[in-house]
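These notes concern the structure reproduced below.
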Amino acid sequence: MDDMLLAKVKAILTGDALKLYCHIYLESIGQYGSIEVRYPALAVAVGRSKGSLEKDISELQSAGVCRVEAQANQHKLARIELCGPFRPPASDISVQPDRGIRMSEGDNGGCAFRHLVDFGIDPSVAKELIGSVSDAVIVDTIEYVSHLTSQPRNHIRHAQSLLVHYLRNDIRIPSGFVTSRRRDEQEKRERLAEQARQRIAELEISYAEFCDHIIEQQFAERYSGDSLNVKLEAIRKVLIKDPKIARIRSEILEDIARRQLANTIRGVLAFI
C-alpha cells in the first residue's frame, strides 16, 4: 500500500473501518482485489462483533471503497471486492494460478510461442496451441516434459510429440510437480504479503500516535489550569480503594488513572 492510497483511506474512513480495509487489502493480494469470507470468521480476524463488523462494511460501501455480494444468510460465504482505486496495484495481483498468467505478446503470439518454438515445435503447430491453451499451462507443461526427459532410463523418444499430446488433450501436469513459475508466484505472494504486513504495522503505529495526539488535545480543551491534576487525583482515590491497586507505585498509578480518563474520552469520540 503506497503512501498516497494510505492517506486517501485515512481521510475517508474511521478507525475500525480503516482497520477492516487494511485487512481486506492484505488478504486480497493475489486474489484480484477481492476475498470470499464468512462474516463470523471476518469479525474474529479483525476483533469486532458481528454487529460492529456490519457497520464497518457499510461504511466501506458508503465511501465507495468496496462492493459486497451479500448472502441471504450471513453465515454463508460473502464476496467482498475492493473498488478500482482501492485495490492492490496491478503488480500485486498479476499472479493467480487458477486464472493463468498473461505474458507480453509479440508478432507471433508472445512468450509461450517462443518457448514452444525453442522446444522444437513447428511454428504452425505452436500457433495452433497458443490459440487453445493458456500461456501458463504451456510453460508449465514444457518444464514438466523437460523434467521427464532428463530422468535416467526414461523411454521418451520424442519429447516434442509428448508435449503436443499433453497440450492437445488437456492433460495437466501432476499437482505435486512445482514448476519454476509456480515457485516464483509463491515467492512473490509471500514477499508482497510480508510488505503488506509491514505496512499494516506502520499504519497501526501511525493510527495509535494519531489517537494519542487527539487525546492530548482533548485533555487541554477539557481541563484548564490545574483541573486535569484534580481530575486524575479523583480517579486515583477511587482506584486505591482496591487493595491490589493500592500497593502499586504512585507513578504507575498515575499512568493508570491517565489511561482510564483517556478511555472515557475515547468512548465519547466515535472516530477514535
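Coordinate-derived values only; no laboratory data. Owing to the predicted nature of the structure, the values given are computational and were not obtained by experimental measurement. Note that we place each Cβ from the backbone using ideal geometry, even for glycine, and neighbour counts take in every protein chain shown.
A few notes on this one:
- Distance between the 7 Å Cα→Cβ label points at Ala11 and Thr264: 3.6 nm.
- Look at the alpha carbon pairs under 8 Å that are at least 6 residues apart: their mean separation over the length of the chain gives a relative contact order of 15 percent.
- Highest-first arrangement of 159-168, 41-50, where packing means the average Cβ count within 10 Å: 159-168, 41-50
- With 20 Å as the limit, the listed pairs Lys19/Lys55; Lys19/Lys50; Lys19/Lys188 have Lys19/Lys188 beyond it between alpha carbons.
- Net charge dipole, the chain: roughly 940 debye, given to the nearest 20, about the Cα centre with Cβ charges of +1 for Lys and Arg and -1 for Asp and Glu.
- Nonlocal amide H pairs with Cys83, under 5 Å, H built at 1.01 Å: Cys66, Arg67
- Near the amide H of Thr179, within less than 5 Å, lie no amide hydrogens of residues on another chain or at least 5 residues away, with H placed in the peptide plane.
- The modelled label-to-label distance for the pair Asn154/Glu254, using points 7 Å beyond Cα in the direction of Cβ, is 7.6 nm.
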